[in-house]
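The values are calculated or read from the model by the stated rules, or taken from the named source; none is laboratory data. What you are looking at is a predicted structure, and each value in this text was computed from that prediction instead of being measured. Neighbour counts run over all protein chains shown; Cβ positions are idealised from the backbone, glycine included. Note: accessible area is taken over every heavy atom of the protein model, side chains too, but ligands, DNA and RNA are not part of it. Shrake-Rupley method; radii C 1.70, N 1.55, O 1.52, S 1.80 Å.
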Amino acid sequence: LRLREGENEMSIDITITQKGLLKKALPLPVILGKDLQYGALEGERLEPGKLGEADLIAYLPEAIGRGIQIFWREGEKMKVELRSLTPTTREELRAFYDCVGRIAAHWKCDLEVDGEKTTLRDFQAGFENQVSFTLRALRSMSQEILEGKHESLTLYSAMFPLTLGREEAERFAGAESLSGFRDFLHEKQNMDVYYAAPMFYRDGERVLGLFVLREGV
């Protein structure tokens, strides 16, 4: 599995396994619902509207956040895995929890959260606690930058990685809600920009770096 997780990040990992002999497929519209869109990673950059070979990244187009990684293939009948990175936005967490709910309603299934079996009811009941934990994680990461433990922190996000430096850390270290973080993530990822992902090749003892810039960039 390709996990989108950095050195200083945490995540919620969900495994949903269908039970019973007569198993039915899990359609993509059930996963996405009415609000989520999807894309596939090309290096560290998202290609919207494209499916990956083994996974996809779901995101809210009106509040682009960290992205929800979903390990799923068309016609899947056995299990699906979902990952939400921390910290993220309240809106994306809500979309993540709702996605789990739709899949659980479509399948008769078992649910595991971070490797521990649980019920859908107990999982959904923990939403507000997860929002509070996410806010504390954002403050903690920001404080570590201000204290000099890290010069900056790079966060894998839906469209491309974003970096928190001292300016952002000062903004989020004392945050009372996730709204400012939401606005930051969406503003940066909603710009009309091209994220040129580097590629590296070995040529004997040399390492060559390459950026590919498309026409019009």
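Contact map, the range 76-92: first residue open to solvent by 10 Å² or more (accessible area, probe 1.4 Å), second residue of a type in the set (K, R) and not in a loop (DSSP other than H, G, I, E, B), Cβ cut-off under 9 Å, separation 6 or more or different chains; pairs are R90/R182; E91/R182.
Based on what the data block shows, is E176 closer than 26 Å to D98 by Cβ, in contact with a helix residue (DSSP H, G or I) (Cβ under 9 Å, 6 or more places away or on another chain) and open to solvent by 80 Å² or more (accessible area, probe 1.4 Å)? I'd like the intermediate steps shown before the answer.
On the way: closer than 26 Å to D98 by Cβ: yes; in contact with a helix residue (DSSP H, G or I) (Cβ under 9 Å, 6 or more places away or on another chain): yes; open to solvent by 80 Å² or more (accessible area, probe 1.4 Å): yes.
So E176 passes the test.
Within the range 42-55, residues that are more than 14 Å from Y156 (Cβ to Cβ) reach partners that are acidic (D, E) and part of a loop (DSSP other than H, G, I, E, B) with beta carbons closer than 9 Å, at six or more positions or on different chains, in the pairs L51/E74. Restricting attention to strands (runs of 3 or more DSSP E) lying wholly within the range 89-199, give those where 1 or more residues are polar (S, T, N, Q). Because the criterion is at least 1 residues that are polar (S, T, N, Q), the strands (runs of 3 or more DSSP E) in the range 89-199 that meet it are 116-118, 153-155, 162-164. Condition check: open to solvent by 50 Å² or more (accessible area, probe 1.4 Å), touching a Lys or Arg at 6+ places or on another chain (Cβ under 9 Å) and hydroxyl-bearing (S, T, Y). Does Y194 satisfy that? For Y194, the condition - open to solvent by 50 Å² or more (accessible area, probe 1.4 Å), touching a Lys or Arg at 6+ places or on another chain (Cβ under 9 Å) and hydroxyl-bearing (S, T, Y) - is met. In this structure, E144 qualifies as more than 20 Å from I12 (Cβ to Cβ) and at pLDDT 95 or above. For the range 56-75, a residue qualifies if it is of a type in the set (D, E, K, R) and surrounded by fewer than 23 Cβ atoms within 10 Å (Cβ to Cβ), and the qualifying residues are E62, R73, E74.
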